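Here is the structure we will look at.
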Amino acid sequence: MPEQFISVKPGTLLAPVPAVMVSCALPGQKPNIVTIAWAGTVNSEPPMCSVSVRKERFSHGIIRDSGEFVINLVGEAQLKATDFCGVKSGRDVDKFAACGLTPARVPGFTAPAVAECPLYLACRVTKMLELGSHDMFIGTVEQMGVKPEMMDGAGRIDFSKAKLAAYNHGNYYALGSALGFFGYSVAAPDVLARRMKELK
Ligand SMILES: Cc1cc2nc3c(=O)[nH]c(=O)nc-3n(C[C@H](O)[C@H](O)[C@H](O)COP(=O)(O)O)c2cc1C
C-alpha cells in the first residue's frame with residue numbers, strides 16, 4: 001500500500017490533552033500548584049490517574065515525599081492561573097496567593113484542592129516510574145469533589161458548566177460544541193435524536 005504520510009521527527013504530539021492544575025503539599029508547609037499536560041487516566045477499576053513530572057520541578061519532591069497529588073480540572077476561568085502555575089516555581093512564589101486561588105480541604109489528604117476549579121481527583125501514589133525526562137506518578141483516585149454549581153437537577157455532573165479547556169501543541173483552546181456521545185455511531189435513530197438534542 002502507498003505511504004500516505006510525511007514522516008516527521010517522533011515527539012509528544014498526542015493531542016488534545018487536558019492541562020490541569022496539580023496541587024500538592026507536605027505537612028506543615030505551604031501547598032503548591034504545578035501545571036501538568038502529561039496527565040492521564042490509566043485504569044478504571046480502581047480509578048487511577050498518572051502525572052508525569054520532571055525531577056527538577058519543585059513539585060516533584062513534594063509529590064514523591066507526600067505520596068499524594070490532587071488533579072484539578074481547569075475551566076476557562078482558571079486558565080490564566082493555570083498558565084502562571086506552569087511558568088513560575090513554588091520555590092519562588094506562593095502560587096495560591098499570587099493567583100488569588102483558595103485551598104480547599106480534601107478529606108484524608110494533606111494537599112488541598114483548588115476551590116475555584118470545577119472538579120478535583122485526589123490521588124494516592126502507588127508507583128513511580130522513571131521514564132527518562134519525566135517520572136510518572138501513578139495514583140489511585142481516593143477522593144473526588146465537584147463544585148455544587150456543576151450538578152444538574154437530576155444529581156448528575158454537567159460538564160458543559162465547567163467550560164473545560166484543552167491544550168493542543170502549545171496552545172489553549174475552549175472545547176467546541178458536542179459532536180456525539182459514546183456509542184452514537186450505532187445508536188437507534190430515536191435515541192440518537194434525543195441525546196443529540198440534549199447535548200445542544
Ligand atoms: C501548559 C503547561 C503544561 C505543562 N506540563 C508539564 C508536565 O506535564 N510535566 C512537567 O514536569 N512540567 C510541565 N509543565 C511545566 C511546569 O508546570 C513548570 O515548570 C512549573 O513552573 C513547575 O512548578 P514547580 O517548580 O512549582 O513544581 C507545564 C507547563 C505548562 C505551561
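Quick notes on this one:
- Breaking point among (1) touching a Phe, Trp or Tyr at 6+ places or on another chain (Cβ under 6 Å); (2) in contact (Cβ under 8 Å) with a residue 60 or more places away in the chain; (3) of a type in the set (Gly, Ala, Ser); (4) within 11 Å of the ligand (Cβ to nearest atom), for SER89: (2)
- Close pairs (8 angstrom Cβ cut-off, 6 or more residues apart or separate chains): in contact (Cβ under 8 Å) with a residue 60 or more places away in the chain and of a type in the set (Val, Ile, Thr) in the stretch 138-161, exposed (fewer than 15 other Cβ atoms within 10 Å of the Cβ) and part of a loop (DSSP other than H, G, I, E, B) anywhere: THR140/PRO46; VAL141/PRO46
- Residue in the stretch 149-165 that is closer than 21 Å to VAL17 by Cβ, at pLDDT 90 or above and within 16 Å of the ligand (Cβ to nearest atom) present: yes
- Selected residue (criterion: farthest from the ligand (Cβ to nearest atom)) from residues of the stretch 29-78 that are closer than 22 Å to PRO16 by Cα and among the small types (Gly, Ala, Ser): SER44
- Scanning the stretch 42-71 for residues that are crowded, with 18+ Cβ neighbours inside 10 Å and charged (D, E, K, R) turns up ARG57, GLU68.
- Residue match in the stretch 19-27 (condition: farther than 21 Å from ALA165 by Cα, in contact with a Lys or Arg (Cβ under 8 Å, 6 or more places away or on another chain), more than 9 Å from the ligand (Cβ to nearest atom) and at pLDDT 95 or above): no
The values are calculated or read from the model by the stated rules, or taken from the named source; none is laboratory data. The structure presented is a predicted model; accordingly, all values stated were derived computationally and were not measured. FYI the Cβ positions are ideal-geometry reconstructions off the backbone, even for glycines, and counts take in every protein chain you see.
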